[in-house]
Amino acid sequence: MMNIKSVVFNNFAENTILLWDDETKEAAVVDPGMYTKDEEKIFDDYLVENNLQLKALINTHCHIDHILGCGYVKNKYKVDYYAPEKDLLLLKNAATQAEMFGLNLNTPPEPDKLISEETEFSLGNVELKFLFTPGHTPGEFCIYIKTEKMCVTGDVLFKEGIGRTDLWGGDYNTLINSIKQKLFTLPDDVKIFPGHGDPSTIGHEKQNNPFLN
């Protein structure tokens, strides 16, 4: 069984998501947004309290609010780091992104592995599938866990909302096509866990998302 925990970090109210297999306790952190020492401690304590063995760090995309904790996680836990190839320019310009918001951030480490739809990844016996969903950024991926009817949607699809497309590399038509072709083809009862805000379901968004009706 796959477990999921969403914790809100940083001034952008970003959802840092932990996924783990209940049996093996293998875990992955998606879009670590911890910025302060207190936020880092909350993250560390949760791993210890739940006996989780962190296996990987994954970025759905590389906007500043989703990469603030990448250096900390990589340096402390020595895990494999997965990121989208088409977002590497955003990652390399992390310090510049941070300065725009009055934040200080060293350039995060280089990813160990670049995500594609062919990337194989599992936690315990549970397979995670990467869905290429550009539009918010050029390289964003969602993470679909078919057996658990879960999908981590990053900043692609929110509860009754969608990701911004007015930032570098964003494109509205591309984003809408990603949602319709990759996410709205999933079963209606798949629960989505976005990068900001509350969870929802594919079915709810088909019926109630004003950007898609």
Number of the exception - D166 against (1) within 24 Å of G33 (Cβ to Cβ); (2) free of Cβ contacts under 8 Å to residues at least 60 places away in the same chain; (3) in contact with a strand residue (DSSP E or B) (Cβ under 8 Å, 6 or more places away or on another chain); (4) in a loop (DSSP other than H, G, I, E, B): (3)
Test: residue in the stretch 166-181 that is under 13 Å from the mean Cα position of the chain (by Cα) and surrounded by fewer than 21 Cβ atoms within 10 Å (Cβ to Cβ): no
Residue match in the stretch 151-159 (condition: in contact (Cβ under 8 Å) with a residue 40 or more places away in the chain, of a type in the set (K, R) and not in a helix (DSSP H, G or I)): yes
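Kindly indicate which of L114, L90 is buried (at least 19 other Cβ atoms within 10 Å of the Cβ) and either within 13 Å of H66 (Cα to Cα) or under 19 Å from the mean Cα position of the chain (by Cα) (or both).
Values: L114 fails: buried (at least 19 other Cβ atoms within 10 Å of the Cβ).
Selected residue: L90, the only one of L114, L90 that is buried (at least 19 other Cβ atoms within 10 Å of the Cβ) and either within 13 Å of H66 (Cα to Cα) or under 19 Å from the mean Cα position of the chain (by Cα) (or both).
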All positions within the stretch 4-28 that are surrounded by fewer than 16 Cβ atoms within 10 Å (Cβ to Cβ) and over 15 Å from the mean Cα position of the chain (by Cα): N11, D22, E23, T24
Number of the exception - I143 against (1) of a type in the set (A, V, I, L, M); (2) within 12 Å of the chain's Cα centre (by Cα); (3) not in a strand (DSSP E or B): (3)
Members of the stretch 169-209 found to be over 20 Å from I4 (Cα atoms), free of Cβ contacts under 8 Å to residues at least 60 places away in the same chain and outside any helix (DSSP H, G or I), listed by number: G170, D171, F184, T185, N209
Some residue of the stretch 41-58 being closer than 20 Å to N106 by Cβ, buried (at least 20 other Cβ atoms within 10 Å of the Cβ), out of contact with any Cys (no Cβ under 7 Å at 6 or more places or on another chain) and of a type in the set (D, E): no
Looking only at the stretch 117-131, and only at residues there that are of a type in the set (D, E) and assigned to a loop (DSSP other than H, G, I, E, B), the one that is surrounded by the most Cβ atoms within 10 Å (Cβ to Cβ): E117
Helices (runs of 4 or more DSSP H) (entirely within the stretch 1-104) containing at least 1 residues that are of a type in the set (K, R): 37-49, 70-77, 88-92
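Laboratory data are not the source of any read-out in this text; all were calculated from the coordinates shown. Quantities reported herein were computed from a predicted structural model and do not represent experimental measurements. Heads up, the Cβs are rebuilt from the backbone with ideal geometry, glycines too, and the neighbour counts pull from every protein chain shown.
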